[in-house]
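J.: Structure below; questions to follow.
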Amino acid sequence: MELKGQVEDIIYVNDSNSYTVCTLLLENEMVTCTGYLPFVNPGDVILAQGSFIKHNTYGEQFKIDTFEKQMPNTIHEIEKYLGSGIIKGVGPATSRKIIDKFGEDTIYVLQYEPYKLSQIKGITSEKAGQIGNEFNEVWELWKIVMFLNQYGIGTTNANRVYKELGLNAIDKIKDNPYILLKFLYGVEFKNVDKMALSMGMEQDSPHRIASGIKYAMSMTAKNGNTCVEKEKLITYVSNILNVDKMVIENELTALCYAKELYLENGLVFLRDYYVAEDTVAKKMLLLANTKTKPNINLDNKITDLEKELGIILSKDQKKAVKAAFKSRLLIITGGPRYGKNNDY
């Protein structure tokens, strides 16, 4: 069953999953609706698909399965939408002025000619531009929500997508869906990959191969490794993308040429990890080559400290202390709970 109406009031909303209870004003009646309705506000016009159910406590309700927002088109709908506060700087009074001035052309003016709003007393040219930008931003955000939702990508990501990609976000995503992986957290590669393939992305597209390689490298980093053997990386990516190894090797070469990845001694690094490790190695070499000459008798000092602290150091522990005084750099290795007192 299908209902079309304007959201009159939001009775309840769960911020974590967008489950909402609202009232929907139809032509001649008010209906209580329930469902998962992200980014729905009073004044929104929605076309909802679902069915009526009987709640034991609250009576008859319309359970929404799917829905979409529609642009308000009647004078009443437009005035209610603008006056709801969804557009910053526009309340009921300003909404009434805009409607009185532009009537059924209001939506067109807001979308394409917002400068005309300055013809209304109390709206400056600057404010007119802000109102137009806000109107288009709210609508663009909603289009992103619906676009992501059809591919199973959480609607909570819509704000970040809009912030990163702007008004042409959907076109940019269609061109290369894998750009979502650069700034969305908690979005799985396999979901974006499925999305890309459903849009017609070729199996061996450079965008897909490059993203698969970077995904594999990010998984390596999560497992505590700063690099991975080239051949192991190529085999892994070939398996998850189901493409020929030569295609992956060619793209890997291109990524290294662009300095997004680094290949050294058969090991592949993400750029940031390579730069960090290279910097640390150079600093360590500099420190290691800087000798120190302690001007104290270490054996006597260790004996004095043992008495002062009430401890007795083992032979290896004393060697470690002395080694620390002989060089600006001392690296102590070993697994957890092994004391780090034998390897140095």
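J.: Can you pull out every residue in region 122-135 that is under 16 Å from SER84 (Cα atoms) and surrounded by fewer than 19 Cβ atoms within 10 Å (Cβ to Cβ)?
T.: If the condition is that a residue be under 16 Å from SER84 (Cα atoms) and surrounded by fewer than 19 Cβ atoms within 10 Å (Cβ to Cβ), then GLU134 is the only one that fits.
J.: Here's another thing I want to ask about it. Name every residue in region 271-305 that is among the charged types (D, E, K, R), in contact with a strand residue (DSSP E or B) (Cβ under 9 Å, 6 or more places away or on another chain) and exposed (fewer than 13 other Cβ atoms within 10 Å of the Cβ), in order of residue number. Lay out the reasoning, then the answer.
T.: At the first step, the residues of region 271-305 found to be among the charged types (D, E, K, R) are 271-272, 277-278, 282-283, 291, 293, 299, 301, 304.
Next, only the ones that are in contact with a strand residue (DSSP E or B) (Cβ under 9 Å, 6 or more places away or on another chain) stay: 271, 277-278, 291.
Answer for region 271-305, where residues must be among the charged types (D, E, K, R), in contact with a strand residue (DSSP E or B) (Cβ under 9 Å, 6 or more places away or on another chain) and exposed (fewer than 13 other Cβ atoms within 10 Å of the Cβ): just LYS291.
J.: Considering each residue of region 194-206, count those that are part of a helix (DSSP H, G or I) and either without any contact (Cβ under 8 Å) to a residue 24 or more places away in the chain or more than 16 Å from TYR151 (Cβ to Cβ) (or both), and give that number. Break it down into steps so the answer makes sense when it comes.
T.: First pass over region 194-206, keeping only residues part of a helix (DSSP H, G or I): 194-198, 206.
Of the ones still in play, those that are also either without any contact (Cβ under 8 Å) to a residue 24 or more places away in the chain or more than 16 Å from TYR151 (Cβ to Cβ) (or both) are 196-197, 206.
Residues in region 194-206 being part of a helix (DSSP H, G or I) and either without any contact (Cβ under 8 Å) to a residue 24 or more places away in the chain or more than 16 Å from TYR151 (Cβ to Cβ) (or both): 3 in total.
J.: Looking at (1) in contact (Cβ under 8 Å) with a residue 60 or more places away in the chain; (2) surrounded by fewer than 16 Cβ atoms within 10 Å (Cβ to Cβ); (3) in contact with a helix residue (DSSP H, G or I) (Cβ under 8 Å, 6 or more places away or on another chain), find the lone condition where GLN70 falls short.
T.: Answer for GLN70: the failing condition is (3).
J.: For region 79-94, give me each residue that is among the hydroxyl-bearing types (Ser, Thr, Tyr) and over 14 Å from LYS127 (Cβ atoms).
T.: Selection gives TYR81, SER84.
J.: In region 143-191, how many residues are assigned to a helix (DSSP H, G or I) and aromatic (Phe, Trp, Tyr)?
T.: Let us first name the residues in region 143-191 that are assigned to a helix (DSSP H, G or I), namely 143-149, 155-175, 177-182, 189-191.
Applying the additional criterion that residues be aromatic (Phe, Trp, Tyr) yields 147, 162, 178, 189.
Total meeting the criteria: 4.
J.: Out of THR220, THR253, THR226, report the one residue that is crowded, with 17+ Cβ neighbours inside 10 Å and either at positive phi or not acidic (Asp, Glu) (or both).
T.: Values: THR253 fails: crowded, with 17+ Cβ neighbours inside 10 Å; THR226 fails: crowded, with 17+ Cβ neighbours inside 10 Å.
Only one candidate passes the filter, namely THR220.
J.: Let me ask something else about it. Filter region 204-213 for residues that are over 12 Å from ILE240 (Cβ atoms) and not hydrophobic (A, V, I, L, M, F, W, C); which is surrounded by the most Cβ atoms within 10 Å (Cβ to Cβ)?
T.: Step one: list which residues in region 204-213 are over 12 Å from ILE240 (Cβ atoms), which gives 204-207, 210.
Among the residues that remain, those that are also not hydrophobic (A, V, I, L, M, F, W, C) are: 204-207.
Details: ASP204: 15, SER205: 18, PRO206: 14, HIS207: 16.
Ranking the qualifying residues of region 204-213, first place goes to SER205.
J.: Identify, please: which residue in region 3-61 is among the acidic types (Asp, Glu) and under 25 Å from GLU137 (Cβ atoms) and is, among those, modelled with the lowest pLDDT? Show your work before the answer.
T.: Start the filter on region 3-61 by keeping residues that are among the acidic types (Asp, Glu), which leaves 8-9, 15, 27, 29, 44, 60.
Next, from what is left, pick out any that are under 25 Å from GLU137 (Cβ atoms): 8-9, 15, 44.
On the way: GLU8: 91, ASP9: 91, ASP15: 81, ASP44: 92.
Among them, the one singled out is ASP15.
J.: Counting only residues that are within 27 Å of ILE98 (Cβ to Cβ) and touching a Gly at 6+ places or on another chain (Cβ under 8 Å), give me the strands (runs of 3 or more DSSP E) lying completely in region 13-84 with at least 3 of them. If you could, list the steps in order and put the result at the bottom.
T.: Working: elements: 19-25, 30-36, 45-55, 59-70.
Fully inside region 13-84 and qualifying: nothing.
J.: Of the residues that sit in region 298-330 and are of a type in the set (Ser, Thr, Tyr) and under 53 Å from the mean Cα position of the chain (by Cα), which one is nearest to LEU286 (Cα to Cα)?
T.: As a first pass, look at region 298-330 and keep what is of a type in the set (Ser, Thr, Tyr): 303, 314, 327.
Then drop every residue that is not under 53 Å from the mean Cα position of the chain (by Cα), which leaves 314, 327.
On the way: SER314: 30, SER327: 11 Å.
Here the residue is SER327.
J.: Please tell me if VAL268 is surrounded by fewer than 13 Cβ atoms within 10 Å (Cβ to Cβ), under 30 Å from THR220 (Cα atoms) and either among the β-branched types (Val, Ile, Thr) or in contact with a His (Cβ under 9 Å, 6 or more places away or on another chain) (or both).
T.: Numbers: surrounded by fewer than 13 Cβ atoms within 10 Å (Cβ to Cβ): no; under 30 Å from THR220 (Cα atoms): yes; either among the β-branched types (Val, Ile, Thr) or in contact with a His (Cβ under 9 Å, 6 or more places away or on another chain) (or both): yes.
Taking the combined requirement at face value, the residue does not satisfy it.
J.: Let me ask something else. Looking at TYR338, TYR344, which is the one that is closer than 27 Å to GLU264 by Cα, hydroxyl-bearing (Ser, Thr, Tyr) and at pLDDT below 90? Lay out the reasoning, then the answer.
T.: Details: TYR338 fails: closer than 27 Å to GLU264 by Cα.
It is TYR344.
J.: Tell me, yes or no, whether region 90-110 has at least one residue that is in contact (Cβ under 8 Å) with a residue 24 or more places away in the chain, in contact with a Phe, Trp or Tyr (Cβ under 8 Å, 6 or more places away or on another chain) and either closer than 17 Å to PHE183 by Cα or among the basic types (Lys, Arg) (or both). Steps first, answer last, please.
T.: So in region 90-110, the residues in contact (Cβ under 8 Å) with a residue 24 or more places away in the chain come out as 90, 94, 97, 99, 103-104, 106-107, 110.
Filter once more, keeping what is in contact with a Phe, Trp or Tyr (Cβ under 8 Å, 6 or more places away or on another chain): 110.
When the remaining residues are screened for being either closer than 17 Å to PHE183 by Cα or among the basic types (Lys, Arg) (or both), the result is none.
No: region 90-110 contains no residue that is in contact (Cβ under 8 Å) with a residue 24 or more places away in the chain, in contact with a Phe, Trp or Tyr (Cβ under 8 Å, 6 or more places away or on another chain) and either closer than 17 Å to PHE183 by Cα or among the basic types (Lys, Arg) (or both).
J.: Tell me which residues, restricted to region 46-81, are among the hydrophobic types (A, V, I, L, M, F, W, C) and under 30 Å from the mean Cα position of the chain (by Cα). Give the derivation first.
T.: Step one: filter region 46-81 for residues among the hydrophobic types (A, V, I, L, M, F, W, C), giving 46-48, 52-53, 62, 64, 67, 71, 75, 78.
Answer for region 46-81, where residues must be among the hydrophobic types (A, V, I, L, M, F, W, C) and under 30 Å from the mean Cα position of the chain (by Cα): ILE46, LEU47, ALA48, ILE64, PHE67, MET71.
The values are calculated or read from the model by the stated rules, or taken from the named source; none is laboratory data. Since we're looking at a predicted model, the values are computed, not measured. Ideal geometry is used to build each Cβ from the backbone, glycine not excepted, and the neighbour counts take in all protein chains shown.
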